[in-house]
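Asks: Can you read through this structure? Questions will come right after.
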Amino acid sequence: MADIFGDTVKAFQLILSGDPGIFEIVSRSLLFSGIAIILAILWGTPIAMLIAMKEFRGKTIIKTFFNTLIGLPTVVLGLILFLSFSRGGPLGFLGLLYTPGAIMIGQAILVTPILVSIGVSAIESVDPEIMSLAQTLGASESQAQIAVLKEAINGIILSDLASFNRAIGELGVVLMVGGNLEGGGNQTTVMTTSIARDVQISEFGLAIALGILLVIVLFTINVIVVILRRANYLVELAKGPYAKLKRSREAKG
Amino acid sequence: MTVTAELKAVTKAYGTKIVLDAVNLQIREGEIIALLGPNGSGKTTILKILAFIENPTGGEVLFQGKSVNFNNTEKERLQSTLVFQKTTLFGTSVYNNIAYGLKLRKVPKEIRDREVKKALELVKLSGFEKRSARKLSGGEQQRVAIARALVLKTPLLLLDEPTANLDPKNAGILEEVIDTVNRENKTTIVMATHNMFQAKKLSHRIALMDEGKKTEIGAPAEVFGKLSKNLASFAAVDNTFNGIAKVTAAGTSKVDIGKGVQIEVTAQRQGDTAVFINPQDIILSKTAVESSARNTFKGKITEIKDLDLLVKLEVNVGKPFTVQITKQSFSEMGLCLNAEVFITFKASSVQVL
């Protein structure tokens, strides 16, 4: 039986004492989910741009598909990924199962529908005249698309944030493809999987401590993003990579 | 005479709907040409084709002597820019809005800063660089949009109803800018408008548009001279009326515009006449005012519209008149919809076409 009061006190003691084991798990969670989001942004943003800015047959079906995927039970996605990554699976040759790589890819795939769906509606809500406006001021098609993307930047940031929140709080997929390994070469225990295991082995103090830290991490990141957004730093920051993307596209064109 | 752009039998259709029907139009270097016509007559479509952001369905477009391939218009788009009727600004500072096209053209920062400053001076918005563009008033936003196009110094400048929905102060500033840019930079300007007075005042030539066709083209005096009696309904603009004029014993004329409304004008006219009264020249009062003004009518306020610093009212005296008053007068007079008011204007302030 859990002694709620006693375990909560223990949890705070663990946090305040700066227990290295706990903070290693927290930083691992941040690292895995951070990389997962970057991966998802790299493929999710172009998909969102394509869906929102191009007119093609079956556009509504594709949008509905991504919206539906948001609600896909994570155990189902976990199972699909597990089977794909397992030795006999189509991606078995990569040897990713129960490695940090599998967790990152799993989280990235999990959040892609969120990133795409919110991204598409953010881009679609931009004044349709912006595209023509950029073009009449001399922009090429890709430069005009970048102009539209900049107008949608707040919605895009929101989709990135929602995706990060979803990724760092994910249990099912992470557990199925990453296992819950501590020690050895492949340490895959993250905050959520650790909490699940700690509860099973009645380590409630540790579970509560990680739970509190998970909430603090989420809250802090959200507050930072809100502050940066107000100060417009993210918009300025976003210009760097977009400008590079623009240049590489021009070079190709 | 050099031709900047030319439309040869240009047609545009959206599905089965034809919006431009075999239009031929030559735009000469250094001229201001006004496309005059009612809404839906194809003016905006011509501008979009000349801005190379809309493909014609048929016909040929020549730009600076060369036939334009609409599959790739990136080069031509750098030479022609359009200011939309609906003011659209990027959600950033005034500076970034105006500098956008210069950045695309890789203009160095020092030159960019200088050009933005000059463009802002021209539209009388000096010092607005750091302001958030979308937080400006409607008139100021439209002036930023014009400055953003002017700074590019493209050989062809296209303006779609540049002063629509602007109060007289902002409209006046823009008209001055259009005139200056044409005179000093020799910029060729194509301007769509449904305001014939603006077309007459600013342009060297007027092309009349109706239902996707160009019906007339020529110098303003020539076009207005040829025009049929329903000019006013053709180019609908506030306070423009068609009527039948009769010379009075006093040497002035009275124009009967129908519904019992007769407007006295100083010019001697007989027969079909179109008249225009500038909304600013009309005095609004709650009781009849004794004055030397020859035209006084009683009516009701049927519409109230908020402009930047002014309030635009529609007063129905049998025919609807547009009157503009300051916000302060509006609140001091305690006006509201359906309120009974008098409008008064001088015979000499009536413009006769």
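Asks: Cβ-Cβ distance below 6 Å, separation of 6 or more or different chains: which pairs start in the range B:171-194 with a residue that is at negative phi and assigned by TED's automatic domain parsing to the domain that holds B:Lys43 and end on one that is outside any helix (DSSP H, G or I) and among the basic types (Lys, Arg)?
Replies: Listed pairs, sorted by first residue: B:Ile173/B:Lys124.
Asks: Quick one: which helices (runs of 4 or more DSSP H) sit completely within the range A:3-97 and have at least 2 residues that are of a type in the set (Gly, Ala, Ser)?
Replies: By residue number, A:4-16, A:20-53, A:74-85.
Asks: Still on this structure, I have one more. Give me the pairs: first residue in the range A:24-53 and farther than 15 Å from A:Ile105 by Cα, second residue charged (D, E, K, R), beta-carbon distance under 8 Å, and six or more apart or on different chains, which are they?
Replies: A:Ile51/A:Lys59; A:Ile51/A:Lys63; A:Ala52/A:Glu124
Asks: Condition first: hydroxyl-bearing (Ser, Thr, Tyr) and assigned to a strand (DSSP E or B). Now tell me which residues in the range B:285-314 satisfy that.
Replies: B:Ser285, B:Thr296, B:Thr302, listed by residue number.
Asks: Now a separate question. Are any residues in the range B:22-57 of a type in the set (S, T, N, Q) and within 18 Å of B:Glu161 (Cβ to Cβ), and if so, which ones?
Replies: Passing the criteria: B:Asn39, B:Ser41, B:Thr44, B:Thr45.
Asks: Still on this structure, I have one more. Does B:Leu7 satisfy the criteria of being in contact (Cβ under 8 Å) with a residue 60 or more places away in the chain and surrounded by 21 or more Cβ atoms within 10 Å (Cβ to Cβ)?
Replies: no
Quick grid of which residues meet (1) among the small types (Gly, Ala, Ser); (2) touching a Leu at 6+ places or on another chain (Cβ under 8 Å); (3) more than 27 Å from B:Gly172 (Cα to Cα):
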residue	(1), (2), (3)
B:Asp256	no, no, yes
B:Lys259	no, no, yes
B:Val265	no, no, no
B:Gly271	yes, no, yes
B:Asn278	no, no, no
B:Asn295	no, no, no
B:Thr326	no, yes, no
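Asks: Please enumerate the residues belonging to the range B:144-168 that are more than 20 Å from B:Val311 (Cα to Cα) and in a helix (DSSP H, G or I).
Replies: B:Val144, B:Ala145, B:Ile146, B:Ala147, B:Arg148, B:Ala149, B:Leu150
Here's the yes/no breakdown for (1) modelled with pLDDT of 90 or more; (2) among the β-branched types (Val, Ile, Thr); (3) surrounded by fewer than 20 Cβ atoms within 10 Å (Cβ to Cβ):
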{"position": "A:Val190", "(1), (2), (3)": "yes, yes, no"}
{"position": "A:Ser194", "(1), (2), (3)": "yes, no, no"}
{"position": "A:Gly211", "(1), (2), (3)": "yes, no, yes"}
{"position": "A:Ala231", "(1), (2), (3)": "no, no, yes"}
{"position": "A:Lys244", "(1), (2), (3)": "no, no, yes"}
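Asks: Quick check on my filter: what residues within the range A:134-153 are more than 7 Å from chain B (Cβ to nearest Cβ) and in contact (Cβ under 8 Å) with a residue 24 or more places away in the chain?
Replies: The answer is A:Ser142, A:Gln145, A:Ile146, A:Val148, A:Leu149, A:Lys150, A:Ala152, A:Ile153.
Asks: Another question, if that's okay. Please verify whether the range B:84-101 includes one or more residues that are at pLDDT below 95, farther than 26 Å from A:Asn154 by Cβ and in the same structural domain as B:Met191 (by TED's automatic domain parsing).
Replies: yes
The values are calculated or read from the model by the stated rules, or taken from the named source; none is laboratory data. Computed from a prediction, not measured in an experiment: that's the story for all the values here. Counting neighbours? That spans all protein chains shown, and the Cβs are built from the backbone with ideal geometry, glycine included.
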